[in-house]
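Report on the structure given below.
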Amino acid sequence: MHRHARRALALAAVAVLLPAALVGAADAPGADMPKPPKTPIPAFENPLHDAQPGESLRYKVRQIDAEEGWVRYFEERILARTGEGEKVEVLLETVETDAAGEKIFSVDNQRTGWIPAGPKFPMPPGAVWLADKTKDEVLFIGTPPTAAVRCVRRHRQMPVNPAKPDGEKEVTQLWHSHDVPGTGVVKRFPAQGGGERYAISWDKRLPAETCAERAKRYPKQEAPSSPTSGTSPTPEPGMDEPGMSEPGMDEPGMSEPGMADEPAMGEPGMDEPAMDEPGMAEEGMEGGA
């Protein structure tokens, strides 16, 4: 065979084999990637059930329906805990912060208050889990990844209007993890402002004195004796994720929903390695804990 013909055949063979080798290398997990904890996973489903005062969870919410959207930063803090077993309640405070989590801008009143923290998740009226969509996943936190956590990904369906249980439905995707303190929500779509939520860190712990002092802002109220009693039931932060209310307590309010000095994020899920698709394919999808 002519030497040029032999050379052409050899190059063709390399061209066939090379892509397969590259794909295999790209798909293989790196040896330096963080590994999820090996501690036993509790039998109860609600991570809040064993939450303790002082625990905190920082996360970001970013706009996903624009090329250059806003990014907002929040911190959930457990300020107090009462009860046992099915009667456990915790005082959850959610504050909006700067990117470093060092400055508080406002209190998110709709995600702050005393909430049930029994073994099972409290559900809004008419809400159900779509059991066929529930699955276990491992999510990586940070870019580059600094932590890996074991999650249960759930889809919660509920009526858009609770007064019309047979009307239009909306679905929230939630990734809950017992490897993360507080609510255990590692990822959520949609979250505040229709954005997508990602956990950032959970190593900070509030001193007991700070928890006690801030808890004074949210006195526990008894549930109303009847729907016409004229008082509202204790809010359940994060259960239905309505729009953000006005800044609470004595924290100064934000003038803009986003933080102008924070760079816009890219496409959803791009900075979270190994995460599944963040968006919803079905119609009527929406925003739990």
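Quick note: the coordinates plus some simple rules give every number you see, no bench work behind them. If you're wondering where the values come from, they're calculated on a predicted model, not measured in any experiment. In this analysis, Cβ positions are derived from the backbone assuming ideal geometry, glycine residues included, and neighbour counts consider all displayed protein chains.
Which one of these is within 20 Å of Trp202 (Cα to Cα) and not charged (D, E, K, R): Ala127, Ala148? Walk me through how you get there before you give the answer.
Numbers: Ala127 fails: within 20 Å of Trp202 (Cα to Cα).
Every option except Ala148 fails the conditions.
With the checklist (1) under 16 Å from Asp203 (Cα atoms); (2) out of contact with any helix residue (DSSP H, G or I) (no Cβ under 9 Å at 6 or more places or on another chain); (3) assigned to a strand (DSSP E or B) in hand, flag the one item Phe105 doesn't pass.
Failing condition for Phe105: (1).
On the given criteria, is Val185 in contact with a His (Cβ under 8 Å, 6 or more places away or on another chain) and closer than 16 Å to Arg62 by Cα? Working first, answer last.
On the way: in contact with a His (Cβ under 8 Å, 6 or more places away or on another chain): yes; closer than 16 Å to Arg62 by Cα: yes.
Yes.
Taking the stretch 160-185 only, how many residues are more than 18 Å from Pro125 (Cβ to Cβ) and of a type outside the set (A, V, I, L, M)?
Residues meeting the conditions: 10.
Of these, Lys87, Lys120, which one is basic (Lys, Arg), exposed (fewer than 15 other Cβ atoms within 10 Å of the Cβ) and in contact with an Asp or Glu (Cβ under 8 Å, 6 or more places away or on another chain)? Explain how you work it out, then say what you get.
Working: Lys87 fails: in contact with an Asp or Glu (Cβ under 8 Å, 6 or more places away or on another chain).
Answer to the selection: Lys120.
Quick one: in the stretch 185-209, of everything that is of a type in the set (A, V, I, L, M, F, W, C) and not in a loop (DSSP other than H, G, I, E, B), which residue is nearest to Glu102 (Cα to Cα)? Break it down stepwise before answering.
Step one: list which residues in the stretch 185-209 are of a type in the set (A, V, I, L, M, F, W, C), which gives 185-186, 189, 191, 199-200, 202, 206, 208.
Next, from what is left, pick out any that are not in a loop (DSSP other than H, G, I, E, B): 185-186, 189, 199-200, 208.
Working: Val185: 21, Val186: 21, Phe189: 25, Ala199: 16, Ile200: 14, Ala208: 18 Å.
Filtering first and then ranking leaves Ile200.
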